[in-house]
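The values are calculated or read from the model by the stated rules, or taken from the named source; none is laboratory data. The structure displayed is predicted, hence computed values, not measured ones. Here Cβ is always computed from backbone atoms with ideal geometry, including for glycine, and neighbour counts include all displayed protein chains.
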Amino acid sequence: MKRLKANLGCFFRLLLTLALLCCVVRPAAAATARDQPTPTPCPAFLPSETQCFTGKSSAGAPFFIAIPRNWNQNLILFAHGGPRLGAPKLAETVEDLERFQMMVSEGYAWAGTTYRRGGYGVRSAAEDMDQLRTLTWQHFGRPKHTILHGQSWGGNVAAKAAELYAMDLEGKRNFDGVVLTSGVLAGGTKAYRLRSDLRAVYHYYCRNHPRPSEAQYPLWQGLPAGASMTRAELAERVRECTGVGTPAAQRTAMQKAKLRNITRVLSIKEDQILPNLAWATNTFQDMIGRLNGRNPFSNYGVVYEGSDNDRALNAGVERFAADPIAVAELAYDSDLSGLIVAPVITVHGIHDPVAPVSHETAYRRTIEGAGRGDLLVQSFTDEAEHSRLSVPAYPSIFSALMKWIDTGQKPTQESIKAACPKFAEKYREPCLFVVPFSPEP
């Protein structure tokens, strides 16, 4: 009888396990079904007879796909910049497509995603890019070539995806090539040093972020958890202290002195203060939250130079030390190894006000340190733009990449520039490549 009861107990436990498994499997099946691309009207800016599709990946990342009538059987997977804070919005992906619509006009299929969530997180965004590749292949067939295109912070995402998801289990490449434009390519542990220094130096001179009357917090936090500040509110504080945003003739002597000190110490231009301070505010707040409140930044040992009184600045500036765990977690998430297997071409405006061109130096050193320098070509334009360079630059580098993939002939800065005039004539914008050029650290 005891044995019968034991057997019945095992039987009922088995039934319970099977029931639980059924409950687990059903949501997964539903999630797989939701990534089915659904036809949708195309935006008016796309060529006629383009087919467009929308949907969500199994992870919940909204996507938008455009396939032109004259599809050349090459697919671009677009990784957007930011990181954008707040809930993902499909309209933002359509805006990305509008900025880079010239690639659909050139015959490429284009697929972009918002990522599964807003805020910082390079690895999760890189996984979203690979899921976008998978679902696009499943529903439209494997194209001739699949190219990752990362823009701005999306350059970090695409570069990470090119390392983490380079090949399938059979040793075949998932991505045939990579294009990184205006990329944030130094990795998280290096890319934000300027911005953490800016918070410290700005606060020394301005004392209005936070104000003395407001709750005080370590500057590396960006903002306290739960607090908020709009770009317009931050711009008003910058204007109040430095006069940035008002004509130079209307700035006070004190504003001019503070602005001069901030720009000289940090070697930045005045139009770089607000965008970089915005990242050092809202993006830092998001990043620190994801690091469980730990600090990945340090300015101990940093000697600030170029001010009217360096001794006073270095004695009075707020100092902060990095938490080793936070540094390790940020490095794991966003730093790059350089272990690439597919050709990579980058393009960067020399005077980029958001992602300094020195990011390209850091990336080149990473790639060469991994022994993969033969797979990297870097190009540069004489522009002070970040979000979109002169249009001919993009089809020029994509065509150079496709030729490299098809023939094995590695392009040069000179050959990329030489191919540009035909696109300049087509799009009626100038070719601005600078040859030769190599940025300093």
**Prompt:** What pairs can you find where one residue is in region 428-441 and in contact (Cβ under 8 Å) with a residue 12 or more places away in the chain, the other is of a type in the set (Asp, Glu), and their Cβ atoms are less than 6 Å apart, with a gap of 6+ or different chains?
**Reply:** Leu432/Asp382; Leu432/Glu383; Val434/Asp382; Val435/Glu414; Pro439/Glu360
**Asked** Just to be sure, is Asp352 surrounded by 15 or more Cβ atoms within 10 Å (Cβ to Cβ), of a type in the set (Asp, Glu) and assigned by TED's automatic domain parsing to the domain that holds Ser124?
**Response** yes
**Sole residue being closer than 30 Å to Ser334 by Cα, crowded, with 18+ Cβ neighbours inside 10 Å and in contact with a His (Cβ under 6 Å, 6 or more places away or on another chain), chosen from Phe380, Phe433, Phe398** = Phe380
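Just the residues that are among the acidic types (Asp, Glu) and crowded, with 17+ Cβ neighbours inside 10 Å, please, taken from region 266-281. Spell out how you get there, then give the answer.
To start, the set of residues in region 266-281 that are among the acidic types (Asp, Glu) comprises 270-271.
Of everything in region 266-281, just one residue is among the acidic types (Asp, Glu) and crowded, with 17+ Cβ neighbours inside 10 Å, namely Glu270.
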**Message:** For region 214-296, give me every one of the helices (runs of 4 or more DSSP H) that falls completely inside it and has 2 or more residues that are within 16 Å of Leu194 (Cα to Cα).
**Reply:** 253-266, 273-278, 284-290
**Fill in**
Taking region 50-109 and the residues there that are hydrophobic (A, V, I, L, M, F, W, C) and in a loop (DSSP other than H, G, I, E, B), the one that is surrounded by the most Cβ atoms within 10 Å (Cβ to Cβ) would be Ala61
**Fill in**
Subset of region 409-432, residues hydroxyl-bearing (Ser, Thr, Tyr) and over 13 Å from Ser399 (Cα atoms), comes to Tyr427
**Message:** Please return the ranges of helices (runs of 4 or more DSSP H) entirely within region 369-441 where 3 or more residues are within 21 Å of Leu148 (Cα to Cα), in the same structural domain as His359 (by TED's automatic domain parsing) and of a type in the set (A, V, I, L, M, F, W, C).
**Reply:** 393-407
**Message:** Taking the conditions exactly as written (among the acidic types (Asp, Glu) and more than 24 Å from His80 (Cβ to Cβ)), does Glu368 satisfy them or not?
**Reply:** yes
**Message:** Of the residues Asp308, Asp286, only one is among the acidic types (Asp, Glu) and surrounded by 15 or more Cβ atoms within 10 Å (Cβ to Cβ); which?
**Reply:** Asp286
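Yes/no matrix, rows are residues, columns are (1) modelled with pLDDT of 95 or more; (2) touching a strand residue (DSSP E or B) at 6+ places or on another chain (Cβ under 8 Å); (3) on the phi > 0 side of the Ramachandran plot:
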residue: Ala312; (1), (2), (3): yes, no, no
residue: Ala315; (1), (2), (3): yes, no, no
residue: Ser337; (1), (2), (3): yes, no, no
residue: Val354; (1), (2), (3): no, no, no
residue: Glu360; (1), (2), (3): yes, yes, no
residue: Gly373; (1), (2), (3): yes, no, no
